[in-house]
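The values are calculated or read from the model by the stated rules, or taken from the named source; none is laboratory data. Every value quoted in this text rests on a predicted model; they were computed, and no experiment measured them. Every residue, glycine as well, gets a Cβ built from its backbone with ideal geometry; the counts of neighbours run over all protein chains shown. Quick note on the areas: whole protein, heavy atoms, side chains included, nothing else; ligands and nucleic acids left out. Shrake-Rupley method; radii C 1.70, N 1.55, O 1.52, S 1.80 Å.
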Amino acid sequence: MSERDEFLAWVQRDLVGAERAMMSGDDGPRRAIWSHIPPVSVLGAWKNAVGREELVEAFEVLAGSFSDCTDWNLQLISYDVVGDMAYTVGFERMTASIDGRPRTFTLRATQVYRKEDGDWRVVHRHADSVSV
């Protein structure tokens with residue numbers, strides 16, 4: 001299996017699983033796939049964060065707002081792996097409850113990843129909402 005294939009398998013398994021859990025109110029899997037090594041940052045659709053402490057706080061706030069994810073999928077537009085760095089660009093489409101109200105929405109997201117001790121970790125995310 002090529003580096004790109006291995007990375008894509010990780011995205012489909014670990015990243016997608018973590019995002020589905022987050023949209024159901026569980027930020028643990030998302031925290032687990034994010035780097036503990038600076039720098040880490042989020043320019044999010046709902047909340048921004050720089051550094052691990054702010055990141056964890058942002059994830060807790062988001063997890064407290066989301067529940068009942070019934071659908072989450074990633075439509076990759078582009079991705080690549082270069083050594084120990086990788087990126088993804090795509091649309092995240094989901095149906096979940098926000099503050100108890102069911103919603104269906106799409107985010108446009110770019111993420112950067114770094115391989116740490118043989119495992120992929122997210123180091124940066126930029127996402128914004130998309131009108132469909």
Among the candidates Val123, Val130, Val81, Val89, residue that is touching a Pro at 6+ places or on another chain (Cβ under 9 Å) and either β-branched (Val, Ile, Thr) or surrounded by 12 or more Cβ atoms within 10 Å (Cβ to Cβ) (or both): Val123
Is it the case that the range 91-98 has a residue that's touching a residue at least 40 places away in the same chain (Cβ under 8 Å) and aromatic (Phe, Trp, Tyr)? no
Residue among Val50, Val56, Val40 that alone is surrounded by 18 or more Cβ atoms within 10 Å (Cβ to Cβ) and within 27 Å of Gly118 (Cα to Cα): Val40
Output for Cβ contacts, cut-off 9 Å, separation at least six or different chains, first residue on the phi > 0 side of the Ramachandran plot in the range 61-81, second assigned to a strand (DSSP E or B) and crowded, with 16+ Cβ neighbours inside 10 Å, reads Asp68/Ala96; Asp68/Ser97
Which of the residues belonging to the range 106-120 are within 17 Å of Asn73 (Cβ to Cβ) and open to solvent by less than 20 Å² (accessible area, probe 1.4 Å)? Thr106, Leu107, Ala109, Gln111
First in the range 1-15 and more than 13 Å from Tyr113 (Cα to Cα) and open to solvent by 90 Å² or more (accessible area, probe 1.4 Å), second anywhere and of a type in the set (Ser, Thr, Tyr) and assigned to a helix (DSSP H, G or I), Cβ under 7 Å, 6 or more apart: none
Hits in the range 34-64 (condition: within 17 Å of Ala127 (Cα to Cα) and in contact with a strand residue (DSSP E or B) (Cβ under 7 Å, 6 or more places away or on another chain)): Trp34, Val40, Ser41, Val42, Leu43, Gly44, Ala45, Asn48, Ala49, Val50, Leu55, Ala58
